[in-house]
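The values are calculated or read from the model by the stated rules, or taken from the named source; none is laboratory data. All figures in this text were calculated on a predicted structure; none of them were measured in a lab. Cβ placement follows ideal geometry from the backbone for every residue including glycine, while neighbour counts extend to all protein chains displayed. Remember, those area values only see protein heavy atoms, side chains included, never the ligands or the DNA or RNA. Shrake-Rupley method; radii C 1.70, N 1.55, O 1.52, S 1.80 Å.
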2 protein chains.
Amino acid sequence: METLILKGNIVHAPVFGELSCIENGFLVCEGGRIEGVYAQLPERFSGAPAEDFGGALVMPAFVDMHLHAPQYAMLGMGMDLQLLEWLNTYTFPAESKFRDTAYARSLYRELAAELIRVGTTRVCMFSTIHRESTHVLMEELERAGVTGFVGKVNMDRNSPDFLRETTEESLSETERWIRECEGRYANLRPMLTPRFSPSCTDGLMRGLRELSQKYAVPVQSHLSENVDEIAWVRRLYPDCAQYWETYDKFGLFGADTVMAHCVYSDERERAAIKERGVYIAHCPDSNINIASGIAPIRRMLGEGLRVTLGSDIAGGARLSMMDVATEAIRTSKRNWLDTGKREAFLTAAEAFYLITSAGQRYFGAGPGFQKGDRLHALAVSDAAFTHTSGLTLAQRLERMMYLSEARSIVARFSDGKRVG
Amino acid sequence: METLILKGNIVHAPVFGELSCIENGFLVCEGGRIEGVYAQLPERFSGAPAEDFGGALVMPAFVDMHLHAPQYAMLGMGMDLQLLEWLNTYTFPAESKFRDTAYARSLYRELAAELIRVGTTRVCMFSTIHRESTHVLMEELERAGVTGFVGKVNMDRNSPDFLRETTEESLSETERWIRECEGRYANLRPMLTPRFSPSCTDGLMRGLRELSQKYAVPVQSHLSENVDEIAWVRRLYPDCAQYWETYDKFGLFGADTVMAHCVYSDERERAAIKERGVYIAHCPDSNINIASGIAPIRRMLGEGLRVTLGSDIAGGARLSMMDVATEAIRTSKRNWLDTGKREAFLTAAEAFYLITSAGQRYFGAGPGFQKGDRLHALAVSDAAFTHTSGLTLAQRLERMMYLSEARSIVARFSDGKRVG
């Protein structure tokens, strides 16, 4: 079994809110899996090849638990609009272009390269309704070294003609796509992706449940993002007291489900999220850009909910999870002020946990660098920053997150291999 | 008189909230001053040398109305603390190092180069209490092409021993510095800089007023940033009903004054700001990073106050005014939500006005590219971004601000000259 040793300042977050730091340490991998983290290299590895990253920090690669691949083309635009208007003006027209696989190839290749550049190696991602372009996306991610889950989007109502499937088509294309994925990708798996309940008929939801059971495919969608959206869901589902029930009634709200946003999830909805073991993808940059609101994630964390972070491009304007981490901190500071300083803001160490360890859990990995997990790691250098002497590793990590210069990432490892 | 013609997509903001866009236009300068902006080059300039920036946007360079030069060394760190704690733990020790001019030289050279890299050519800046290092800062700014105002800081109480002057020393060093500045810098001028009222005795404030009158030097300071700070000011000045009066009573609150923050300026304080013609330097990134609060700038703008933007590094973690602009938008969206959608959030065009035209006014220039003003301009390319075809110049500008890649700035002009 091949041994790989990364030498550098090891920084990871095995425990929420605590950094584990080893100056001039060693991260040992065997056969693509983490064997251990050491202050002194054990004798038995002394002959193995080592990559020495000098003063750089060696940290887990980032996990982005919610983003829309096709919206990469509209990154940083249309920010003067709110959710529903923004969907109709920018998003739906942008997504309709993906019937063209050549366009998809060109855009998705750029996106995949950019994800690796900014240090993201695990994702839960939305594609569009188009089966073929979804394969193109998965091919490009795999080629670049991005791993995780991709969803062909389902939408058979309340969507423009140019971006709506019939129920039958939506289900048959989805099933065909799931089958085509079998054995085709080493590190990418399909995820059922009803866009959000307003865009899916009951028949579609029921069909997705069947597919989910038949093929053991997990689910991702959106939940309680925006006040107008929630009011609309209430009108569409008079039988459901709350938004989460529109998924739950179809069996699409379980322990392998990722729900983006949850800005307005109240006590009862949060209790359901907790009871079902649903993962929350908190998307602070998006939530503020399209003026949805501020999710009370300190409360969610305190209640033991599984909070992770997502860039949610292109509601979010930043692909780098370091930017998303500091935006989560900024957002939490506003929440701290808004709650009369009752709900503490996120610390830098906590935000770092959320973009690494919290998401790793969804992928079956332990927090931080844990023995037996596949290696997903970055070496990040602050040599270009000014005046590093005398700083602790925790201070240097905080500065890296705030300054968020992708150029400072000098090496990326995904699923045990160097990818950039 | 030397003529210089910049060819490209001209985008500027002569009116708040409106962009003026000329595709493939011409910006003509004579002797370092703007002569005009044209869709077609007038015959009389046909023989003059032109720089063709192709598809790039040619826009005014940015104005940063509030930042602390010495804190550049601590950029992106210490963000888990609030103002007063943050000052004592990080800021004061960092500033005390500037008694060493060699250290100052090295740090300020980096800062000046970075300001130009991110497109900022006009500043109102704090140095430290040290006269010599303040000259070093001015020399390095001038060498790099940054213009504007720099202040040797005054503080003679409520400050650590290692960063406190006697009243006499503070005044004599300040006067000596003002005199030394005469004729020494082409484009940098001194600004009186009482740090904030808690760190200045009445005697110091009175002395600064005399210097301000004797040498016609403008004033900058901090106002109503943080709740604890305001409570402290109230205890220190039982004779003043409000914070602004602690400056006003010493004649340091006039039409050439820049006050940073004004987060908690209520109706009465805002009326005083308006009446005196004081400039507000709104610093949204800093205000949220050190958890001060959200300034109601829509209200201020509506009331006709002179609102400008500042990076306020290192409370702010970002030197780029494009980042500050989008953070101002994000902050205003929270304010919009907090006010039940009564106070509209900033649009991209409005934020662009605030980082260009609004600050230009303080420097005696008109809004946008105005005839007769010294040329401060950037050429910004989005060639490296994905899929530009079909976008309007307004959309491209919005994307540039949100993605804020300093590498996309391909040329900088300051005071009529190319500087990067």
Problem set entry | Check: the protein assembly as shown dipole with +1 on Lys, Arg Cβ and -1 on Asp, Glu Cβ, in debye | 140
Exercise. Of A:M77, B:A144, B:Y402, which is farthest on the positive side of the dipole of the protein assembly as shown, counting Cα position, with +1 on Lys and Arg Cβ, -1 on Asp and Glu Cβ, and the Cα centre as origin?
Worked result: B:A144
For this session: Please work out how much length the chain gains when fully extended from A:E18 to A:A384, using 0.36 nm per residue of separation minus the C-alpha to C-alpha distance, in nm with one decimal.
Result: 129.1 nm
Exercise. Cα to Cα, under 20 Å, and not fewer than 8 places away if on the same chain: which aspartates and glutamates meet these conditions relative to A:K97?
Worked result: A:E85, A:E110, A:E132, A:E139, A:E140, A:D156, A:D161, A:E165, A:E169, A:E173, A:D312
Problem set entry | Value of Rg/Rh across segment B:62-355 [Cα atoms, Kirkwood radius] | 0.94
For this session: Note every residue of segment A:380-420 with a reduction of at least 30 square angstrom in accessible area, all protein chains present versus the isolated chain, computed with a 1.4 Å probe, or write none.
Result: A:T386, A:H387, A:Q395, A:E398, A:R399, A:Y402, A:L403
For this session: Would you jot down the residues in segment B:284-300 that end up with at least 30 Å² less accessible area in the complete protein assembly than in the chain alone, with a 1.4 Å probe?
Result: B:I288, B:N289, B:A291
For this session: In whole angstrom, note down how far apart the Cα centers of segment A:71-131 and segment B:377-420 are.
Result: 22
Seminar exercise, completed: Taking a straight Cα-to-Cα line shorter than 21 Å from A:K417, and setting aside same-chain lysines fewer than 8 residues away, one finds A:K7, A:K371
Problem set entry | For chain A: accessible area per residue (Å², 1.4 Å) | 33
For this session: Could you give the size of the charge dipole of chain A about its Cα centre, using +1 on the Cβ of each K and R and -1 on the Cβ of each D and E, expressed in debye and rounded to the nearest 20?
Result: 460
For this session: Mind checking which chain B residue has its Cβ closest to the axis relating B to A, and how many whole Å off it is?
Result: B:R334, 3
Exercise. B:Y38 label points, 7 Å along Cα→Cβ, one per copy: pairwise distances from this copy to the rest in nm, shortest first?
Worked result: 7.3
For this session: Give the interface area between chains B and A as buried accessible surface, both sides summed, probe 1.4 Å, in Å² to the nearest 100.
Result: 4100
Exercise. With all protein chains present, how much of the accessible area of segment A:62-355 (probe radius 1.4 Å) comes from carbon and sulfur, to the nearest whole percent?
Worked result: 48
Exercise. By the scheme Lys and Arg +1, Asp and Glu -1, what is the net charge of all other residues having a beta-carbon under 10 Å from that of B:T308?
Worked result: +1
Exercise. Which of the lysines could be linked to B:K214 by a straight reach, that is with a Cα gap under 28 Å, when you skip same-chain ones fewer than 8 residues away?
Worked result: B:K152, B:K249, B:K274
Problem set entry | Exam field: A:G340 pseudo-label spacings to other copies (7 Å along Cα-Cβ), nanometres | 2.0
Exercise. B:A102 label points, 7 Å along Cα→Cβ, one per copy: pairwise distances from this copy to the rest in nm, shortest first?
Worked result: 6.3
Seminar exercise, completed: Short to long, in 10 Å steps from zero, the percent of alpha-carbon pairs of segment A:1-158 per bin is 10, 29, 25, 18, 14, 3, 0
Exercise. Along the charge dipole of the protein assembly as shown, which of B:T347, B:G32, A:L171 sits closest to the positive end, that is, farthest toward it, with unit charges on the beta carbon of Lys, Arg, Asp and Glu (+1, +1, -1, -1)?
Worked result: B:G32
Exercise. Which value, in nm² and rounded to one decimal, describes the direction-averaged projected area of the C-alpha convex hull of the protein assembly as shown?
Worked result: 35.8
